[in-house]
Amino acid sequence: MTTMTAAPVFYLGAHQPHWLWTADFPLFVSHRQLARKATLRPARTRWALDSGGFTELSLHGRWITSPEQYAAAVTRYHEQIGQLDFAAPQDWMCEPFMLQRTGLSVREHQHRTIANYLHLRRIAPHLPFIPVLQGWQLSDYLTCLRLYEAAGVDLAALPRVSLGSVCRRQSTAEIEAIVTTLARAGLRLHGFGVKTGGLHRYGPHLASADSMAWSYAARREPPLPGCTGHKNCANCLRYATTWRTRLLTGLKRRGHQADLFDYLGDAA
């Protein structure tokens, strides 16, 4: 396990788990992809783990992976790959279509998210699980904050707190208000799936973020010169690296975004 520092970090979202052994910058990798790897080896770079909850709840309307199974998998990654900054818990997203899928309320999703975090911390205290604030409106996130407090969890004392159910509206003024309010409350936030627009709006208020925006962009573009064997570069490390460099350069040119550039530029 690595130690999360005060310096903000940008994790590039990666479809391909083997990039952990080739990339030289922080990555965000899904448990659903990594679990398929029979053989693991030490990572070349620091990284963070996505639980794959969005896909699992979308497919099944519930978690079919038990906390014990998930904790066992994360233990394997921690021991065999190393350099794991943090792992997301098995949270319950609060998008309206997800509530329709599960048949549950925002409040019930919040209770289940908190219960899972506490369960994982209890059965695997050696692993770097982080809490997730879930909700839809600002008032929901503030309620979730109070629910954590009632459960004995001081979120402001933790090195990282993730913000859930924002990725599909993360470049809006609504999410900017949520992020800034929670950051001013002393939370060191991780932004799930933050696209370029979101980074420009509220990046300096985040302690870390991950993004797969490069892959979505690559699907709409022809392959890079010299890239052969695929119709686009949506799974291409060369394209991802080029996109990341272009993003950093663009943010650096925005003088008022110097702090954001520093955090995005954090490397392994």
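The values are calculated or read from the model by the stated rules, or taken from the named source; none is laboratory data. Keep in mind it's a predicted model, so treat the numbers as computed, not measured. Please note: Cβ atoms are built from the backbone with ideal geometry, for glycine as well, and neighbour counts cover all protein chains shown.
Just to check your reading of the model, which residue among ARG121, ARG112 is out of contact with any Lys or Arg (no Cβ under 9 Å at 6 or more places or on another chain), part of a helix (DSSP H, G or I), closer than 30 Å to GLY82 by Cβ and modelled with pLDDT of 95 or more?
ARG121
Kindly indicate whether any position in segment 134-150 is within 20 Å of ASP85 (Cβ to Cβ), at pLDDT 90 or above, crowded, with 17+ Cβ neighbours inside 10 Å and in contact with a helix residue (DSSP H, G or I) (Cβ under 8 Å, 6 or more places away or on another chain).
No, because not a single residue in segment 134-150 is within 20 Å of ASP85 (Cβ to Cβ), at pLDDT 90 or above, crowded, with 17+ Cβ neighbours inside 10 Å and in contact with a helix residue (DSSP H, G or I) (Cβ under 8 Å, 6 or more places away or on another chain).
Is there a residue being of a type in the set (Gly, Ala, Ser) and under 27 Å from THR196 (Cβ atoms) anywhere in segment 135-149?
yes
Could you pull out the residue among CYS227, CYS167 that is under 22 Å from GLN90 (Cα atoms) and either modelled with pLDDT under 85 or surrounded by fewer than 18 Cβ atoms within 10 Å (Cβ to Cβ) (or both)?
Being under 22 Å from GLN90 (Cα atoms) and either modelled with pLDDT under 85 or surrounded by fewer than 18 Cβ atoms within 10 Å (Cβ to Cβ) (or both) holds for just one of CYS227, CYS167, which is CYS167.
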